[in-house]
Each structure stands twice: as structure tokens, then as C-alpha cells.
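The values are calculated or read from the model by the stated rules, or taken from the named source; none is laboratory data. Predicted, not measured: the structure shown is a model, and the values here were computed from it. Here the Cβ positions follow ideal geometry from the backbone for every residue, glycine too, while neighbour counts run over all protein chains shown.
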Amino acid sequence: MSQSSTNNLFSGIPREIPQEIIEVLVKTSDFHLERIVSAGQATPPGVWYDQETHEWVLLLAGAAALLFAGEDRVRTLHPGDYVLIPAHCRHRVEWTDPEQKTVWLALHFREKTEKTATTG
């Protein structure tokens, strides 16, 4: 990365969004950061996400509801709400606001296992 760049998380969002938009903003060998834009989309019935990485999600605009396996109530998110979803924690998006764009930041990462040498 030789130069800094400036952008806006709310720019470039199309008026109509027939499918959720997932845009990778930053990617390294340790993590990747996505901007996700939804407009009424939800996880298809019977489908559960089960990811290899941890995911920290921040809702910036709109509203959404997440359901986690083993829970009977959805977790409704509003702007400023965030959740840490551990790797292999089955979850789904029950709904996103159909009246306004729902904008998320999603940080996917793995825990590093550090080996330390001992000298004696």
C-alpha cells in the first residue's frame, strides 16, 4: 500500500438492489473487511451460515434480525449495534429492512495461535 485513499461507506449504493451487495474493502492474510448492503434480503429458508472464520458485524444503517442456532428469538440490530459471531456458530439473517438500505461492516478473522519458544 503506497498511498492512502479516502472513500465513503455510503457512496456508490445503487437505487435498486435485487441481490445483496458484498464488497471487500480490505484484505490481508489475517483478515478481510466487507461492506454489505441489503434491501429486504434474508437468508433462504432452511439455510444456515457456518463459517470457518470469526465474524464481527457492525450495522451502520437500516435494520436487520439475526437468528442463531439453538436460540428461539431473533436478535434485532439497529445502527450502532454489533455482534461477534464465533467461527462455526450457525446463524442466519431473518430479515433486513425493505424500506431503507441496510449497510453493514463485516470483519472476518481467525485467531492466531502463537507458539512461544522457551529457553531454559
So which of 76, 6, 28 ends up being closer than 20 Å to residue 109 by Cα, over 13 Å from the mean Cα position of the chain (by Cα) and surrounded by fewer than 17 Cβ atoms within 10 Å (Cβ to Cβ)? 28
Among the residues of the range 12-41, write down those that are modelled with pLDDT of 95 or more and among the small types (Gly, Ala, Ser). 38, 39, 40
Given the conditions (1) exposed (fewer than 14 other Cβ atoms within 10 Å of the Cβ); (2) farther than 26 Å from residue 4 by Cα; (3) in contact (Cβ under 8 Å) with a residue 60 or more places away in the chain, report the number of the one that residue 38 does not fulfil. (1)
Can you find a residue that is closer than 13 Å to residue 36 by Cβ and either without any contact (Cβ under 8 Å) to a residue 40 or more places away in the chain or of a type in the set (Val, Ile, Thr) (or both) anywhere in the range 53-60? yes
Residue ranges of strands (runs of 3 or more DSSP E) in the range 1-118 with at least 3 members of a type outside the set (A, V, I, L, M): 31-38, 54-61, 91-96, 102-109
Taking residue 48, is it out of contact with any helix residue (DSSP H, G or I) (no Cβ under 7 Å at 6 or more places or on another chain) and either among the small types (Gly, Ala, Ser) or more than 11 Å from residue 104 (Cα to Cα) (or both)? yes
Taking residue 24 as meeting all but one of (1) touching a residue at least 24 places away in the same chain (Cβ under 8 Å); (2) touching a His at 6+ places or on another chain (Cβ under 6 Å), write down the number of the exception. (1)
Those residues that are within 21 Å of residue 8 (Cβ to Cβ) and either in contact with a Ser or Thr (Cβ under 6 Å, 6 or more places away or on another chain) or surrounded by 15 or more Cβ atoms within 10 Å (Cβ to Cβ) (or both), I need them from the range 82-106; list them, please. 96, 97, 101, 102, 103, 104, 105, 106
Reported set for the range 43-57 where residues are charged (D, E, K, R) and within 11 Å of the chain's Cα centre (by Cα) is 55
Which listed residue, of 76, 102, is touching a residue at least 60 places away in the same chain (Cβ under 8 Å) and closer than 19 Å to residue 44 by Cα: 102
Mind listing whichever residues of the range 107-120 are at pLDDT 95 or above and surrounded by fewer than 16 Cβ atoms within 10 Å (Cβ to Cβ)? 109
